[in-house]
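A short reminder: the numbers here are calculations on the coordinates, not readings from a lab. None of these values were measured; they are calculated from a predicted model. With ideal geometry, Cβ positions are generated from the backbone for all residues, glycine too; neighbour counts draw on all protein chains shown.
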Amino acid sequence: MNTNHMAKALEESRYSILTDKFSIVFFELKKLKNTRKNKPVEVWLDLINAETEGDLEMIESATNVKDIHDIIFTIRKMSADEKTRYEAEMREKAIMDERSALTNSERRGFKKGIEEGKIRGKAKIVDNLVSNMGFDLESALKAANITEEQYNEYKRK
């Protein structure tokens, strides 16, 4: 089972590789759980993918790489420290709150833009009815289903 994919920079028109000095490797972490760990990079990827204490224990017992043992020690130390864990949770909450606020702002801005676009379109219809078809302003406003206040707001912009 192939757990990684390599991508290289390609020149579009000739479909030729631009350089052999640059490539990106994508690892499918979900597939990696079910493979044997023959390469050091797979042990590191397992560490990145670890979700439970049991995963950390399995990795720790399966390797003799000092750096991995040091990182697992640091992870456990950070997890045990109440203040560090609280700060991490607060950072994560702040990030989620910011994303939520941005999403809501975008949604409100999108709705406002749609409404302004509708009013602009109706105001143009009013202008066309008055200037090209001889309607009086009141009749044109009624035909376009727009208030005089909305029309005047459009004209000011």
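Give 8/66; 118/142; 31/93 a once-over and call out the pairs whose C-alpha atoms are over 23 Å from each other. Where the Cα-Cα span goes over 23 Å, the pairs concerned are 8/66; 31/93. Remark: C-alpha extents of the chain on the principal axes read 89, 55, 25 Å, sorted largest to smallest. Listed by chain and number, the lysines placed with their C-alpha closer than 16 angstrom to that of residue 30 amount to none; residues fewer than eight positions away on the same chain are left out. Here 151, 15, 86 are placed in order of increasing Cβ neighbour count within 10 Å, fewest first, which gives 15, 86, 151. Charged side chains reduced to their Cβ positions (Lys and Arg at +1, Asp and Glu at -1) give the chain a dipole of some 520 debye around its Cα centre.
Counting each pair of different Cα atoms once, what's the Kirkwood radius of the stretch 66-106 in Å, rounded to one decimal? 12.0 Å is the Kirkwood radius here. Across the chain, C-alpha contacts under 8 Å between residues 6 or more apart give a mean separation that, scaled by the residue count, equals a relative contact order of 11 percent. In this structure, residue 85 and residue 64 have a Cβ-Cβ separation that, at R0 = 30 Å, corresponds to a calculated FRET efficiency of about 0.55. Can you bin the stretch 105-157 into rounded, prolate or oblate? Criterion: square roots of the alpha carbon gyration tensor eigenvalues sorted a ≥ b ≥ c, rounded for a/c under 1.5, prolate for a/b above b/c, oblate for the rest. In terms of gyration-tensor shape, prolate.
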